[in-house]
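A quick write-up on the structure given underneath.
No value in this document is a laboratory result; all are computed from the given coordinates. On a predicted model such as this, the values are computed, not experimentally measured, just so you know. With ideal geometry, Cβ positions are generated from the backbone for all residues, glycine too; neighbour counts draw on all protein chains shown.
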Amino acid sequence: MAKLKIVKMGDEILRKVCRPVEKITPRTVTLLNDMIETMRAADGCGLAGPQVGILRRIAVVEVEPGEVIELINPKIVAFAGEQEEQEGCLSIPGRWGITRRPKHVTVRATNRYGEEFEVTGSDLLARALCHEIDHLDGKLFIDCVIKEVE
Ligand code: ZN
């Protein structure tokens, strides 16, 4: 495994729309492993492809330590409720803000074995899922901040 460099705000790669992962290869698996290591080393709870310079629809989320969710070509298929909570981003160090997100989301994605699965998350997990999927469309949390946090 290798730690990857995290792209910071100002780099236009963070504003691009990612293309789907068409085929899961050993390189995809290596990328997932490296993304998990990078996310943990940076003390984050999620990391998306563009943040490590990869314009593909791939992300990892780890809200509960040890429970990594690997998302290949993720899609939000259902959402409900609303929450307003504090959010930050590994690509925007030192900035925090309150965002409005769904309280519950269900995401359909593919795992590293090529199997389709669904995950439903609430609260922090719902936020993390939305945040990472936004990255795949070139969106950052600062786009939906309703209140800055000092
Ligand atoms: Zn982020």
Non-local residues with an amide H under 5 Å from the amide H of GLU85, with H modelled 1.01 Å from N and Pro and chain starts lacking one, are THR99, ARG101
Give, as a single signed number, the net charge of other residues whose beta carbon lies under 12 Å from the beta carbon of PRO65, with Lys and Arg counted +1 and Asp and Glu -1.
-> -3
Taking the Cβ of GLY49 as the centre, find all other residues whose Cβ is under 11 Å away and add up their charges (Lys, Arg: +1; Asp, Glu: -1).
-> +3
Pull up all non-local amide H partners of VAL7: gap of 5 or more, or a different chain, and H-to-H distance under 5 Å with H placed in the peptide plane.
-> VAL52, GLY53
Low-density loop trypsin sites (Lys or Arg not before Pro), region 18-69, at most 15 other Cβ within 10 Å, DSSP non-H/G/I/E/B, are LYS23
What pairs from LYS23/LYS75; LYS3/LYS23; LYS16/LYS75; LYS3/LYS75; LYS75/LYS103; LYS8/LYS75 go past 19 Å between their alpha carbons?
-> LYS3/LYS23; LYS3/LYS75; LYS8/LYS75
Chymotrypsin sites (Phe, Trp or Tyr not before Pro) within region 79-118: which are DSSP loop residues with at most 11 other Cβ atoms inside 10 Å?
-> TYR113
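Counting other C-beta atoms within 10 Å, and keeping those with at most 11, which DSSP coil GluC sites (Glu not before Pro) do you find in region 50-127? Could you put the intermediate results ahead of the total?
Numbers: sites: GLU62, GLU67, GLU70, GLU82, GLU84, GLU85, GLU87, GLU115, GLU116, GLU118; in loops: GLU67, GLU82, GLU115.
Filter output for region 50-127: GLU67, GLU82, GLU115.
Does the chain come out rounded, prolate or oblate by the C-alpha gyration tensor, with a ≥ b ≥ c the root eigenvalues, rounded set by a/c under 1.5 and, if not, prolate when a/b is larger than b/c and oblate if not? Mind showing how you got there, number by number?
Working: a/c = 1.60, a/b = 1.21, b/c = 1.32.
Oblate shape, in that a/c is at least 1.5 and b/c is the bigger or equal ratio.
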At 222 nm, what helix-only mean residue ellipticity would the chain give, in deg cm²/dmol to the nearest 500, using -39500 (n - 2.57) for each DSSP H run of four or more?
-> -6500 deg cm²/dmol
Dipole magnitude (debye, nearest 20) for the chain, charges at Cβ of Lys, Arg, Asp, Glu | 580 debye
